[in-house]
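The values are calculated or read from the model by the stated rules, or taken from the named source; none is laboratory data. Note that the structure is a prediction, hence the values are computed from the model and not measured. Here the Cβ positions follow ideal geometry from the backbone for every residue, glycine too, while neighbour counts run over all protein chains shown.
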Amino acid sequence: MLSRRGHTGASSSSAISEGAQGGSTAGCTRPSHHSIYLIYPDYNEHVRKAGQWLVRRLRKAGLENAQMLRTNGLPAVFAQWTMAPAGAPTVLIYGHYDVQPIYVHHFVQWTHKPFEPAIEDGDFIGRVRNINLASQAVEAFLQTGGLPVHVKFLFEAEEETGSENLAQLISESQGGIPVSMRGRVSFEIEAETATHDAHSGFVGGSVPNALHVLVGMVSSLHLPNSSIAVEGFYDGVREIDEEDRRDVSVFPFNEESEAVRLGLEAHHGEEGYSTLERRWLRPSLDIVGLAGGHGGEGTRGVVTSKAKAKVMCRLVADQNATAVLESLERHISAHTPRHARISFRPIAAQGRLVTEPYRMPKDTLGNRAAAKVLEEVMGSKPLRYMEGHSGARFNYFREYLGIFTTQFGFGTPDYQAQSEMDGAFRNDERLPLSSFHKGRRAWAMLLHEIAEQSGTPASDVSSCSVHAEAHADVQ
């Protein structure tokens, strides 16, 4: 796994609307830009316009067969260059050209116009968390003679909404590093104890209260040691091995500092595990919403008849998301009291009922190449780490193309963005110019390194794909 010190999640969207591309990029010190405002209420129309611009820009850069690919939603963009020497590996560069949209009336909350990037104190300011450096490296190669590898670009327009149509697209097209991401399942429990609310002065203490039932149900999901009490929930969960513990131990995480930043009294979770082990290597179950009864000012004498809870679980390698959901439904059914009616409803997230966990080998072609490049560019050995959030796209590449995903990028690491609240996905996002320049150099070096290493270990197949949102996927 690579270090994401300076990870942007560099999407092609930034190449369009965040000022990473425009004119020639070879050797330039300040990038030109072409702005397309991806804003509500006409967001889809603007994304399509951005895709059309991206096709034109890829053609201008010297790529072949640049085109928009129809999906059941917003179109993807494809382009390629396949004139490398015989036997060279093929790199599939994946990215996305959509961004988190902005309402026009929110522009006043930004110091600078979000889609007109400015430079301030050595940082880009604007909707700039994501900048595509892979395409700039490819263009620079093409302007100076050619690439050491074959490249194919695939940019989708629905990454910010869960890549709903990506699986269908790559399974039909068959074109052709975090080491893990947790999976996800969500569900809703509704407790009903009567057809309508009743006055507590008349019936309090003699009829069931839906809020009491619901609180009991959700409390049954955990044991006092904060482990999950659902039979079968931990089926398949890997034991944490020594290599994983070494990765955790060397990772630069300051628990006390994070507690101060987040205003925590203390970190908390499953006994017997460290904070990072809980985030990276253990599944979790969290109540993410509760509704029912009187939540306004003052008080009301009501015995509540209906109450709801929403729950989200993050899953780890080798858990089966569907089996986990089934075990949760069995648990709720077994803990339903006779004086209540309980409904269990799985909740689709971004079009999917389940997102399977993702785990890859650490010693892949992409990881080895990226590690060597990052050590040279950053001046120290890269870290390997895991991510606690979820994303379906890496499983799609694994399932349909047989390739693993190496993440490679520059900007603000996700773990810092989440804990330091540096503005990721909010107003006045920042991207250090130093990361921008290091990233362009590193991407050029990475393509060379993949080409050089692909012919060495016999165990590796000479094909790989690269996620331009800081990820490189390798078969």
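Computed quantities for the displayed model
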read-out	value
Conditions (1) more than 17 Å from residue 269 (Cα to Cα); (2) assigned to a loop (DSSP other than H, G, I, E, B): number failed by residue 211	(2)
Residue check for residue 122: touching a helix residue (DSSP H, G or I) at 6+ places or on another chain (Cβ under 6 Å), modelled with pLDDT of 75 or more, in the same structural domain as residue 396 (by TED's automatic domain parsing) and at positive phi	yes
Near pairs, Cβ below 6 angstrom, 6+ apart or cross-chain, from the stretch 292-311 (within 18 Å of residue 207 (Cα to Cα) and outside the structural domain of residue 339 (by TED's automatic domain parsing)) to any residue that is small (Gly, Ala, Ser) and surrounded by 20 or more Cβ atoms within 10 Å (Cβ to Cβ)	none
Which listed residue is within 24 Å of the chain's Cα centre (by Cα) and not assigned by TED's automatic domain parsing to the domain that holds residue 320, from 269, 289	269
Residue in the stretch 89-104 that is of a type in the set (Val, Ile, Thr), out of contact with any Leu (no Cβ under 6 Å at 6 or more places or on another chain) and at pLDDT below 80 present	yes
Positions within the stretch 70-88 being at pLDDT 85 or above and under 26 Å from the mean Cα position of the chain (by Cα), in sequence order	74, 75, 76, 77, 78, 79, 80
Unmet criterion (only one of (1) crowded, with 17+ Cβ neighbours inside 10 Å; (2) at pLDDT below 95; (3) among the β-branched types (Val, Ile, Thr)) for residue 332	(2)
Filtered residues of the stretch 349-372 (kept if surrounded by 24 or more Cβ atoms within 10 Å (Cβ to Cβ), assigned to a helix (DSSP H, G or I) and not polar (S, T, N, Q))	365, 366, 369, 370
Answer residue from the stretch 129-148, given it is part of a loop (DSSP other than H, G, I, E, B) and out of contact with any Phe, Trp or Tyr (no Cβ under 9 Å at 6 or more places or on another chain) and is modelled with the lowest pLDDT among those	130
Criterion (acidic (Asp, Glu) and not in a helix (DSSP H, G or I)) met by exactly one of 243, 256, 190	190
Subset of the stretch 274-311 that is over 30 Å from residue 210 (Cβ atoms) and out of contact with any helix residue (DSSP H, G or I) (no Cβ under 8 Å at 6 or more places or on another chain) - its residue that is surrounded by the most Cβ atoms within 10 Å (Cβ to Cβ)	282
Number of the exception - residue 183 against (1) closer than 21 Å to residue 343 by Cβ; (2) of a type outside the set (Phe, Trp, Tyr); (3) crowded, with 19+ Cβ neighbours inside 10 Å; (4) within 24 Å of the chain's Cα centre (by Cα)	(1)
Long-range neighbours under 9 Å by Cβ, at least six apart or interchain, first residue at positive phi within the stretch 208-234, second in a loop (DSSP other than H, G, I, E, B)	226/268; 226/269; 226/270; 226/271
Matching option when the condition is of a type outside the set (Ser, Thr, Tyr), at pLDDT below 80 and assigned to a helix (DSSP H, G or I), among 15, 20, 50	15
